[in-house]
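The structure under discussion appears below in the form of structure tokens.
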Amino acid sequence: MSGALGWVRPGAGADGMSLATAAIIAAGRRMDRHGWVPATAGNLSVRLSPGLIAITRSGGHKGLLEPEDVIQVDLDGAPQRQGDRPSAETGLHCGIYRHFPEAGAVLHGHSVAVTVLSRLGGDAIRLSGYELLKAFPGLPTHDATITLPVFDNDQDIPRLQAAVGERWRQAEAVVPGYLIRGHGIYVWGADMPAALMRLEALEFMLACEMEQRRIA
């Protein structure tokens, strides 16, 4: 076990699904307390095995999740039980898991800072000099810069994932997170605690950026 909220690989059996579900429910409540998943916004997932994911079903408030609100899909986003309806954005979770074998959890939220800053234009947001940059791989000091990609919103999820994947292929170093313009943020980590840490770090820095622009 790698933390109070999740495992790197819970396993594909009933016990693994129970652990993943508990991690997702706890993370949803934590994100809700910060105001990052209003109404039915957001989705959360945990990798159960190399080809299987536990993910929140379509709709529902992520701060009020129950065990039946978490379902299983494969890496193509196909539900493993007839009648289960995954989120339309499941394909973006699957894209992360396919591209990054080390990814064990993915979080998607809709905060005010993410929504506002992503609407201001440009294909990236640069974050420099923040102490919380140390939450990201390979950054042992605040004296660093990360470039957080911003993608135009697109209801065609395969096309959006293709654009994300192309940016990953071109990047010298991939930051484990990106924004969708006017929509939300995606962050991933080796397990749920790592994903939550990176989400909270990014949300803090983006909130600082928005406040700085407001008072400048």
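The values are calculated or read from the model by the stated rules, or taken from the named source; none is laboratory data. Please read these numbers as outputs of a predicted model, since none were measured by experiment. Counting neighbours? That spans all protein chains shown, and the Cβs are built from the backbone with ideal geometry, glycine included. Keep in mind that these areas ignore ligands, DNA and RNA; they rest on the heavy atoms of the full protein, side chains included. Shrake-Rupley method; radii C 1.70, N 1.55, O 1.52, S 1.80 Å.
At a glance:
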{"item": "Square roots of 5 times each gyration tensor eigenvalue, C-alpha, segment 114-192, largest first, Å", "result": "22, 15, 12"}
{"item": "Mean-position separation - Cα centroids, segment 40-67 and segment 123-145, in angstrom", "result": "28 Å"}
{"item": "Debye, to nearest 20: dipole size of the chain, +1 on Lys, Arg Cβ, -1 on Asp, Glu Cβ", "result": "160 debye"}
{"item": "Burial order of peptide ranges 137-148, 177-188, 61-72 (average beta-carbon count within 10 Å, highest first)", "result": "177-188, 61-72, 137-148"}
{"item": "Within the accessible area of the chain (1.4 Å probe), percent carbon and sulfur", "result": "53 percent"}
{"item": "Exposure ranking of His99, His108 by accessible area [1.4 Å probe, largest first]", "result": "His99, His108"}
{"item": "Extreme residue, positive dipole direction of segment 57-216, given options Ala124, Met205, Ala78 (C-beta unit charges)", "result": "Ala124"}
{"item": "Highest-fluctuation residue, Arg85, Arg198, Arg126 considered, GNM on the chain with Cα pairs under 10 Å", "result": "Arg126"}
{"item": "Accessible solvent surface per residue of the chain, calculated while the other protein chains remain in place, 1.4 angstrom probe, Å²", "result": "46 Å²"}
{"item": "Calculated SAXS-style log₁₀ I(q)/I(0) at q = 0.12, 0.14 Å⁻¹ - the chain, Debye, Cα scatterers", "result": "-0.58, -0.80"}
